[in-house]
1. What are the ³J(HN,Hα) values, in whole Hz, obtained from phi via the Karplus relation 6.51 cos²θ - 1.76 cosθ + 1.60 with θ = phi - 60°, for each residue of segment 71-88 in sequence order, with x given for Gly and Pro?
2. From the backbone phi of segment 12-22, what are the Karplus-calculated ³J(HN,Hα) couplings (6.51 cos²θ - 1.76 cosθ + 1.60, θ = phi - 60°) in whole Hz, Gly and Pro given as x?
3. For the charge dipole of the chain, defined by +1 on Lys and Arg C-beta atoms and -1 on Asp and Glu C-beta atoms about the Cα centroid, which residue among Asn66, Ala30, Ala4 has the Cα displaced farthest towards the positive pole?
4. Report the charge-dipole magnitude of segment 2-92 in Debye, nearest 20, computed about the Cα centre from +1 at each Lys and Arg Cβ and -1 at each Asp and Glu Cβ.
5. Can you give the extra length, in nm with one decimal, that the chain gains between Asp87 and Gln21 once fully stretched, where that is 0.36 nm per residue apart less the Cα-Cα distance?
6. Positive end of the dipole of the chain, charges at C-beta (+1 Lys, Arg; -1 Asp, Glu), about the Cα centre: which of Phe49, His15, Val94 has its Cα farthest in that direction?
7. Rounded to the nearest 5, what is the percent of antiparallel bridges among the DSSP beta bridges in segment 2-92?
8. Let me check I have the definition right: for the chain, take the eigenvalues of the Cα gyration tensor, multiply each by 5, take square roots. What are those semi-axes in whole Å, largest first?
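Every read-out reported here was derived from the displayed coordinates using simple, explicitly stated rules and does not represent laboratory data. What you see is a predicted model, and the numbers here were worked out from it, not measured in a lab. Here the Cβ is made from the backbone with ideal geometry for all residues, glycine too, and neighbour counts use every protein chain on show.
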Amino acid sequence: ASGAVVDFQLESIDHVTIDKQSEEHIVYTAHEGYAVEKVKEGDSVIKTFDLKEQTPKTVVRHIKDNKPYVVIAVESALHLVLKKDGDKWVELEVA
């Protein structure tokens, strides 16, 4: 897969479909033949993947209790969840 970069500050992204279900729930899906190599918010990199090992296809950004969360579907059985805590993004343990 080729790498795509999801940047939450952009309204349109090459090789990525943005489905804005509401201001609080946005789904980013990599096109066929692409995977999400990097997730960022402007200059701040949230997560980077080695596409030789993992090929995430979907990133969801949602707001819960006024805090932004990011869910990255790395594989069908593996989802990473990150929460914005101040200026940093913190990876949460997912059972």
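1. Going residue by residue, I get 10, 10, 7, 6, 9, 4, 9, 10, 10, 9, 10, 10, 10, 7, 10, x, 9, 9 Hz, with x marking Gly and Pro.
2. Karplus values, whole Hz, x for Gly and Pro: 9, 9, 4, 6, 9, 8, 10, 10, 8, 6, 6.
3. Asn66
4. 200 debye
5. Net length gain for the segment: 21.3 nm.
6. Checking the options against the dipole of the chain, the answer is Val94.
7. Restricted to segment 2-92, the bridges split so that about 85 percent are antiparallel.
8. Equivalent ellipsoid semi-axes, largest first: 19, 16, 13 Å.
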